Amino acid sequence: DKGNHRHFMEKEIYEQPEVIAHALSHYIDFAGNRIKALSGTIDFAKIPSLAISACGTAYLAGLVGKYWFERYARLPVEIDVASEFRYREIPLPSEAAALFISQSGETADTLASLRYCKELGLKIGAVVNTRESTIARESDAVFPILAGPEIGVASTKAFTCQLAVLASLAIGAGRARGTVSAEEEQVLVRYLAEMPRIMGQVLNAVQPKIELLSRELSKCRDVLYLGRGTSFPLAMEGALKLKEISYIHAEGYAAGELKHGPIALIDENMPVIVIAPHDRFYEKTVSNMQEVAARGGRIILITDEKGAAASKLETMATIVLPDVDEVIAPMIFSLPIQLLAYHTAVFMGTDVDQPRNLAKSVTVE
Ligand code: F6R
C-alpha cells in the first residue's frame with residue numbers, strides 16, 4: 001500500500017525518520033546514552049581487521065562504514081564489491097571478522113563472498129533487512145536494519161538504515177577497543193538520537209526546491225557528483241540512484257580526483273552536484289568547485305548552513321541543510337540525493353518503482 005504517495009519509492013523516502021528511529025532503538029540505550037552491548041556477536045575488541053563486502057547501494061553503505069570503523073574504532077577495513085571480493089584471493093587472517101551488507105539477504109555474489117570468508121575461518125556478521133534470508137542464516141551474528149519491507153527497486157530507506165546500524169556498530173567497536181571514551185560515546189549517541197527528527201525537518205524543507213531543480217536535471221544527458229570523505233560514497237550513491245531510475249548517465253567521483261580526468265568533461269551542459277557539508281574537507285571541496293566554475297560548469301551545491309554562508313561561488317542551485325555533526329551527515333545528506341533522483345525520474349515519466357532491466361533481488365551472478 002502506497003498510502004498517499006505516488007510511488008513506493010516516495011513512500012519509502014518519507015518513512016525514513018520512523019524506520020531509522022526504530023533501527024536505532026535496537027542498537028542504542030537512549031536512557032544511558034550508550035550503544036547496547038551486542039551479546040554473543042563479533043568481539044570487536046579482539047579482531048585485527050574487518051572485511052566488508054556487498055553489492056550496489058549496500059556496498060556504498062559499507063564504504064561509508066569503512067570510514068567510521070577506521071575513524072572511531074581504529075580498525076583497518078578491507079572492502080570490495082562482492083563480485084570482485086570473492087575472486088580476489090585476499091589474504092585475510094582467520095582472527096578477523098567479515099561483515100556482509102544486503103537488504104534482501106539473498107544476493108548471489110554477497111553470499112559467495114560470505115561462504116569464502118567462512119571457509120577461511122573468519123567470524124561472519126550480516127547487516128540485513130530480511131532476517132529470514134540465506135545470508136542471515138549462514139552468519140554468526142545478525143545485525144538487522146529494521147527498515148521494514150522495501151518495495152521500490154531503488155534502495156532508499158534500506159541504505160540509511162544500513163548507515164545507522166554501521167555507525168552504531170563502529171561506535172560500539174570503538175568503545176570495546178578503547179578508542180572512543182565513554183564521554184565521546186555519549187556525545188555521538190546523542191547526535192544519532194536527534195537524527196530522526198532532523199530527517200523529518202529536512203524532508204519537508206527541501207522538497208519544493210528539489211522538485212524545481214529536477215526539471216533542469218531532466219534535460220541533461222550526464223551529471224557528475226563529487227564529494228570527499230564520507231561524502232565520496234554518497235556521491236557514488238547519488239549517481240547510482242539517478243542513473244537507475246531516470247536513465248541519465250551519472251558518475252560519482254572523489255572530489256580530489258576531478259583534476260585527474262573527469263574535469264575534461266566539464267562544460268555548461270553537464271551539471272556538477274557537489275556534496276559538501278562544512279566539515280574538515282569543506283575548503284578542499286570548495287577549491288574543486290572553483291575549478292568547475294572556472295570551466296563554465298554549472299554547480300548544484302548540497303551543503304549546510306555554515307557551508308552556504310562560507311561559499312562565494314555562483315551556483316545553479318544551493319540546497320541548504322541544517323548544520324549537523326559529521327557522524328550523522330551521511331544519513332541527512334542522503335535525503336536530498338534520493339529526492340533529486342526521484343523527482344527527476346517522475347518528471348521524465350519513467351517507471352520509478354520498477355526501472356527497466358533491474359530486479360529487486362539479484363540471486364544470479
Ligand atoms: C540500488 C540497489 C542495488 C542493490 C544491490 C544489492 O538502488 O537497490 O544496487 O543495493 O543489488 O542488493 P541487496 O542489498 O539486496 O544485497
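Laboratory data are not the source of any read-out in this text; all were calculated from the coordinates shown. Quick caveat, the model's predicted, so the values are computed rather than measured. Counting neighbours? That spans all protein chains shown, and the Cβs are built from the backbone with ideal geometry, glycine included.
A cut-off of 5 Å between modelled amide H atoms, ignoring neighbours fewer than 5 places along the same chain, links residue 127 with 100, 101, 102, 143. Here the 3J(HN,Hα) profile of the range 123-132, calculated from phi with Karplus coefficients 6.51, -1.76 and 1.60 at θ = phi - 60°, is 6, 10, x, 10, 9, 10, 8, 8, 6, 8 Hz, Gly and Pro shown as x. By how many degrees, between 0 and 90 and to the nearest 10, does the Cα long axis of helix 16-27 differ from the longest principal axis of the chain? The angle comes out at about 20 degrees. I want the antiparallel fraction of DSSP beta bridges within the range 1-157, as a percent rounded to 5. In the range 1-157, DSSP labels about 10 percent of beta bridges as antiparallel. Can you give me the C-alpha center-to-center distance between the range 244-268 and the range 122-151, rounded to a whole angstrom? Each part's Cα centre sits 33 Å from the other's. Using only Cα atoms and rounding to the nearest 10 degrees, what angle (0 to 90) does helix 108-119 make with the longest principal axis of the chain? Here the helix axis deviates by roughly 30 degrees. Helix 282-294 versus the longest principal axis of the chain: what angle, 0 to 90°, nearest 10, using Cα atoms? Long axis of 282-294 versus the principal axis of the chain: about 40 degrees.
Within the set of other residues whose C-beta is less than 14 Å from the C-beta of residue 15, count the net charge using Lys and Arg as +1 and Asp and Glu as -1. Result for the local shell: -2. Going by neighbour counts of Cβ atoms within 10 Å, the residues 72, 282, 191 line up, fewest first, as 191, 282, 72. Given their separation in residues at 0.36 nm each and the Cα-Cα distance between them, residue 112 and residue 18 gain 30.6 nm when the chain is fully extended.
Treating r as the C-beta distance of residue 5 and residue 356 and R0 as 30 Å, the FRET efficiency rounds to 0.90. Here the range 264-365 is treated with +1 on each Lys and Arg Cβ and -1 on each Asp and Glu Cβ, and its dipole about the Cα centre works out to around 180 debye. In plain terms, the residue of 92, 313, 192 with the fewest other Cβ atoms within 10 Å comes first and the most crowded comes last, giving 313, 92, 192. Taking every alpha-carbon pair under 8 Å whose residues sit at least 6 apart, the range 210-365 reaches a relative contact order of 28 percent.
Between 100, 210, 321, the Cα set farthest toward the positive side of the dipole of the chain (charges on each charged residue's Cβ, about the Cα centre) is that of 321. Between residue 253 and 225, 226, 227, the built amide H atoms are under 5 Å apart, and every one of these is 5 or more places off in sequence or on another chain.
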